[in-house]
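As structure tokens, the structure follows; a few thoughts come after it.
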Amino acid sequence: MTVSQTMTMPPIEMVGEQQLGPETLAMMQATTRPKRTRVVVTGMGAITPLGQSPEALWQNLLLGKSGIGPVTLFDTTNYKTRIAAEVKNFEPTQFVDTKDARRMGRATLFAVAAAKGAIADAGFGETMGNDPRAGVLLGTALGGFVEAIEAHNGFLEKGPDRLSPFIAGVILPNMPSFFVAEKYRALGYNSTVVTACAAGTHAVGAAAEIIRRGDADIMLAGGADAIISNITFAAFSVMRALSTRNDDPEHASRPFDKNRDGFIIGEGAAVLVLEKLEHALGRGAKIYAEVLGYATNSDAYHFAAPDPQAAGATRVMRDAIKNAGITIDQVDYINGHGTSTPLNDSGETLAIKNVFGERAYKIPISSTKSMLGHSMGAAGAFEAVACVMTLRDQRIHPTANYETPDPACDLDYVPNVARNARIDTIISNSFGLGGQNACLVLAKYKGK
């Protein structure tokens, strides 16, 4: 027997007088491995530029409708970009009383409103009933940053004694998670994910892992941000990251299109109720979908530019697929990060090709941001809601405004028109500033 033959022989182990081949060993290991806790989605709530419920959001996405228009939240006269995806006609007092509304920033108010819808949709009534096994994990990029800037301007103008006594709480990034827990009486795990554009996806995936490891039975998970302000527009403008199609706002966000020229800032919140499967079945809950897997990693390359080899994005998809216990052949649809920036969209396309090879050309991909803009910490949560609806209705929303193919982006981006398709398993990508990547795997629930 040669050395090469020895190296290529299947592994064997001795048990008494028997030799066990690899298939038998795998079966034995599977029977001794602890059974993985299954996590399902039982409720959703959303406050978005395309409607203030998951159903309104979804129907508008299917229609290819844009939530982008002229900015009304501040004076954009001197700005190169004057358009955004704002949440319109939002009335905080529909969700909290006037006193509480003064204690909360805009992102927190969005989160509280979305959580209210999610809790009711999951069949819990108005609160979680002081349950120590119910937790909260929300993502945000900037939390109360806008309110902090406004308070600082007021401080400079009026002095230290004129600040609101609530401002210290308003500006902290963990306030959305706190107020959701406080208002809806979730006494368990509570934390905040702050990973820029990936925060919403991070929060949903990490919340599922919290349930899997036994630290909660129920998690309210998602993301919230409200960053439409003069300082953020100025910051992203000098980076040349924003679209300047001010005369045509509805067509400004055009992920994967050759003529894309930058992203559009959005805002809002989405919250999903995740539950341990046995807990959901025990109370007779409706089940929308199953969270199969999740992964996160870092490019460790550049604070803003993606790795030109797409190494981190490639690895995070592979790791999420592995964590989910599926193969690449089982992925039916990809909800892309798809920001409408030149480097991000071509980098994500490269990563998908790296993972799926020739099969990449057969997998439909679409970008929710083509209609919602980029809502930072809320983006991944919006996209998780869209993915759940895709599984429910077996329809894929389009990538709006896809008109001119780009040789660097040559996959199937479901251009402009929704598509019926058989979808059992989805991956959703989020790649944040700072090179922080996250990937979520969701699947159609097929019973216990």
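Readers should treat all values here as calculations from the given coordinates under stated rules, not as data from a laboratory. A quick note: this is a predicted structure, and the numbers were derived from the prediction, not measured. As a convention, Cβ positions derive from the backbone with ideal geometry for all residues, glycine included, and neighbour counts pool all protein chains shown.
A few remarks follow.
- Over region 362-429, equivalent-ellipsoid semi-axes from the Cα gyration tensor in Å: 18, 16, 11
- Here the calculated FRET efficiency for Lys258 and Asn130, from their Cβ-Cβ distance with R0 = 41 Å, stands at 0.15, rounded to the nearest 0.05.
- Residues in region 399-409 carry Karplus couplings, in order, of 8, 6, 6, 8, 10, 10, x, 10, x, 7, 10 Hz; the curve used is 6.51 cos²θ - 1.76 cosθ + 1.60 with θ = phi - 60°, and Gly or Pro positions show x.
- (i) 1.01; (ii) 1.09; (iii) 0.96, with the label sought being that of the calculated Cα Rg over 2.2 N^0.38 Å: (i)
- The trypsin sites (Lys or Arg not before Pro) of region 128-235 that DSSP puts in a loop, and whose beta carbon has at most 15 other beta carbons within 10 Å, are Arg185, Arg213.
- When each full DSSP H helix of the chain is screened for a Cα extent of at least 27 Å along its own axis and an average Kyte-Doolittle hydropathy of at least 1.0, none passes.
- Site pair His152 and Ile328 shows an inter-label distance of 4.5 nm when each label is modelled 7 Å from Cα along Cα→Cβ.
- Long pairs among Lys35/Lys276; Lys35/Lys353; Lys286/Lys448, criterion Cα-Cα beyond 21 Å: Lys35/Lys353
- In a simple Cβ point-charge model (Lys, Arg +1; Asp, Glu -1; nothing else charged), the chain has a dipole of about 600 debye relative to its Cα centre.
- Amide H to amide H, with H built 1.01 Å from N, His374 comes under 5 Å of Ile264, Ile265, Gly266, counting only residues 5 or more places away or on other chains.
- Projected label distance in nm at Ile231 and Leu343, using a 7 Å step from Cα toward the beta-carbon: 2.5
- A Förster distance of 41 Å, applied to the separation of the beta-carbon atoms of Met239 and Lys65, puts the FRET efficiency at 0.90.
- Residue (of Leu138, Ile218, Thr425) at the positive-pole extreme of the chain, dipole from beta-carbon charges: Ile218
- Inter-label distance for Tyr361 and Arg36, nm, one decimal - labels placed 7 Å from Cα along Cα-to-Cβ: 3.1
- For Thr77 and Ser164, a Förster radius of 35 Å and the Cβ-Cβ distance give a FRET efficiency of 0.80, rounded to the nearest 0.05.
- Top positive-direction residue, dipole computed over the chain with Cβ charges, set Asn89, Val204, Asn335: Val204
- Here's the list of lysines a cross-link from Lys158 could span, going by alpha-carbon distance under 30 Å and ignoring same-chain residues fewer than 8 apart: Lys99.
- On full extension, the segment bounded by Thr93 and Ile287 gains 66.8 nm, given 0.36 nm per residue less the C-alpha separation.
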